[in-house]
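First comes the structure, then the notes that go with it.
Nothing in this text is a laboratory measurement; each read-out follows from the coordinates by a stated rule. Being a predicted model, the structure only gives us computed values, none of them experimental. As a convention, Cβ positions derive from the backbone with ideal geometry for all residues, glycine included, and neighbour counts pool all protein chains shown.
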Amino acid sequence: MKHEHTPGTVVRLNRFLSMCGVTSRRKADDLIQAGEVRVNRAVVTDLGTKVRLSVDHVSVRGHEVAPSQEYVYLVLNKPKDTITTLSDERGRNTVMQLVSSRHRIYPIGRLDRHTTGVLLFTNDGPFAHHLMHPRHEIPKSYHVTLETPLQPSHRARLAKGIELEDGRTAPAEVIVLPQGKGKEIGIVIHEGRNRQVRRMFEHFGYSVRKLDRVAYGPITKSGLPRGESRALTKSEVRSLKELAGMDDVLA
C-alpha cells in the first residue's frame, strides 16, 4: 500500500490543497468552484477532481503549490544600492545576495534601489499573493527624510489621498516627527504601488533624501543590522496571515 505522500498517490483535489497548507478542505472547495485552481494548466471546477502527487502540477491563482513543502519566511533589513530582483544582467547588487536558503525564495513586493528597510521573502506563493493583494490593505510604515520641511497643507492632503498618474491614493497616516525640523516624516500607507511614497512627496515638489521602510504589518527591523536577515517567528507568520485574511490557513 502506498504511503500518503508517495509520488503517484492519487488524492482528491481539496485534500491536496489542504496538504499544501493553502486552506481548509471546505475553503478549498470554494476555490475550486470559483475557478481559482488549475491542474496541469487547465482550470478545474469539479469537486471530485483527483490529482497524482509529484506528477500533476497544481496552481492556485497562478501560484504553483505542493504538499509537505518546507515553507520559508524571512525578513531582510535592505541596504541602499541593492536591486529587488532575482538577478541583474548589469551585475548590480541584488537582495538575493543578502539572503540564504536551501529553498528557492523570492521577495514579497519591491523596494526601489535607494530605499532601505523591511523586505520580506518566502517560497509560499499563496501567502505572498494574499499579502500583496490590495483588498487586504496591509499597513506599510516608512520614515521619510526630505530636503525641505513639509508644509502643513501638503501633510493634510497626503493624509486624505492625492491624485497620481495611476489613480488616487488611499488615505494615509502622516506624522511630522519631533525634532526633525519638519523634514522627518512618518507615513503609513495601505497600498503597494511602484515607488508610491516617493511619488506622493514628489507630487508636491519635495526631494526625498532618504526613504526607509520601518515596518511591514507587525514586522519591524528592530535589532536587525542593515544587510542582515532573519527567519520570521511562527507568531509573526500567523499575524501576517490573519492580516491577509488567511486565518484559516495553517501557520
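Listed values, structure above:
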| quantity | calculated |
| --- | --- |
| Sum of side-chain charges, Lys80 neighbourhood, beta-carbon under 11 Å (Lys, Arg +1; Asp, Glu -1) | +1 |
| Fewest-first ranking of Arg113, Arg102, using other Cβ atoms within 10 Å as the exposure measure | Arg102, Arg113 |
| Which label in [x] 1.29; [y] 0.91; [z] 1.16 gives the computed Cα Rg over 2.2 N^0.38 Å | [z] |
| Region 10-65 shape via C-alpha gyration tensor axes, a/c threshold 1.5 | rounded |
| Of the GluC sites (Glu not before Pro) in region 136-182, those whose Cβ has at most 12 other Cβ within 10 Å and which sit in DSSP loop | Glu147, Glu165 |
| Cα centroid of region 141-203 to Cα centroid of region 54-132, whole Å | 27 Å |
| Cross-link table Lys210/Lys234; Lys181/Lys234; Lys140/Lys210; Lys27/Lys50, entries beyond 28 Å C-alpha to C-alpha | Lys210/Lys234; Lys181/Lys234 |
